[in-house]
């Protein structure tokens, strides 16, 4: 189970007020009031108390009282209330029937009173509020109960809210009400928390017998620490991005804005550094050959380097430069280098010593035999 509805005060081992529980659970908000309805038979009150109404929980000594099935939350709550009123639970004839069988038993006279926590829309609550001879207990000390038990809230059942024509109830009735909470495991995904809180607002945000419109879901009366994402959604409402974008995209952007801001903060200074670095890298492709070109030019006056060797080195340099590629915006740098290569080539040619003229061989006059023989 990842998410559950939990009634306030249902934990059998409550923590101290203001001390958060540490059991791997977080609250997503309180959803609605679940008032404690204590219905009893008027005839039993007249017979036992000599009056029509119960004035306090101490009057229930000796009564047959149904407190609900074990684990429903009401037994633990009633145990605390009895202890607060110094009533020994053994002095009350407690029963643990379900709500429907208990109500049927009370109507048949086999049960004196029933107590359960439920929303006012419950059919059993609606029926008992309009049943003659059945009265609802008025928690006159509701404010005091709420101060001693933070999970309880004092609520008022307004006069005539059940039936205006019949004026039911005939007077305001004070009740105590734990709140139903939406509780989840602390490892639940934040996106799901946001969806649950939004769904709770659309379902439980309307007005009712005990709350005004927009009062729930709420951060009040929580027994577990409120999840951070639930707190953000409760206070901020639906993110405006979700009004125009799909949920998955809006949620992604909403969670990535910190990263995006960090990226922008890094890109702003980089936008000033990267262009000069790029320009230097491109121009260095061209300028790196000037070192060799200057070395060749400085060797022109060196008599030890023959012109044909310098021209060979220059031809090799020129061939490499021809294979060089640069962006069009830097083509002028490349063509300037090639023109400088040609300029050095011309200087080498001009500085080369002129070739020595070849001496033509004159034809020798044949020697006659008369000249050789005296």
Item to check | Residues 173, 274, 87 arranged by fewest to most Cβ contacts within 10 Å | outcome: 274, 87, 173
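Mean 1/r over all different Cα pairs, inverted: what Kirkwood radius does the stretch 257-351 give, in Å? Display every interim value, and only then the final one.
Values: mean 1/r = 0.0632 Å⁻¹.
It works out to 15.8 Å.
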Item to check | Pair residue 80, residue 42: separation of 7 Å Cα→Cβ label points (nm) | outcome: 3.3
Checklist outcome for this item: Where a ≥ b ≥ c are root eigenvalues of the Cα gyration tensor, a/c under 1.5 meaning rounded, otherwise prolate if a/b exceeds b/c and oblate otherwise, the stretch 49-181 counts as rounded
Checklist entry - What is the distance, in nm, between label points placed 7 Å from the Cα along the Cα-to-Cβ direction at residue 2 and at residue 283? => result 5.8
Checklist outcome for this item: So the angle from the long Cα axis of helix 74-84 to the longest Cα principal axis of the chain, reported in degrees to the nearest 10, equals 70
Next on the checklist: Could you tell me the extents of the chain's C-alpha atoms along the three principal axes, largest first, rounded to whole Å?
Outcome noted: 190, 42, 32
Item to check | Alpha carbon centroid spacing (whole Å) that separates the stretch 196-245 from the stretch 279-294 | outcome: 66
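Which ordering of 145, 290 is given by a fewest-first count of other beta-carbon atoms within 10 Å?
Details: 145 21, 290 14.
Fewest to most other Cβ atoms nearby, the residues stand as 290, 145.
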Checklist outcome for this item: 1/(1 + (r/R0)^6) with r = Cβ-Cβ of residue 23 and residue 255, R0 = 25 Å, i.e. FRET efficiency to nearest 0.05, evaluates to 0.40
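Inverting the mean 1/r over all pairs of different Cα atoms, compute the Kirkwood radius of the stretch 49-101 and quote it in Å. List each step's numbers first, then the result.
Details: mean 1/r = 0.0850 Å⁻¹.
Evaluated on the stretch 49-101, it is 11.8 Å.
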Checklist entry - Which residues in the stretch 102-119 place their backbone N less than 18 Å from a point set 7 Å from the Cα of residue 69 along the Cα-to-Cβ direction? => result 102-106, 114-119
Next on the checklist: At 7 Å along Cα-to-Cβ for each site, give me the label-to-label distance between residue 340 and residue 268 in nm.
Outcome noted: 4.0
Next on the checklist: From the P(r) of the stretch 144-248, could you give the percentage of C-alpha pairs in the tail past 19 Å?
Outcome noted: 56
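Subtract the Cα-Cα distance of residue 330 and residue 55 from 0.36 nm times their separation in residues, and report this length gain in nm to one decimal.
89.3 nm
Read the figures in this text as sums done on the coordinates, not as results from a lab. In this text, all values refer to a predicted model and were calculated from it rather than measured experimentally. Methodologically, a virtual Cβ is constructed for each residue, glycine included, from the backbone with ideal geometry; neighbour enumeration extends over all protein chains shown.
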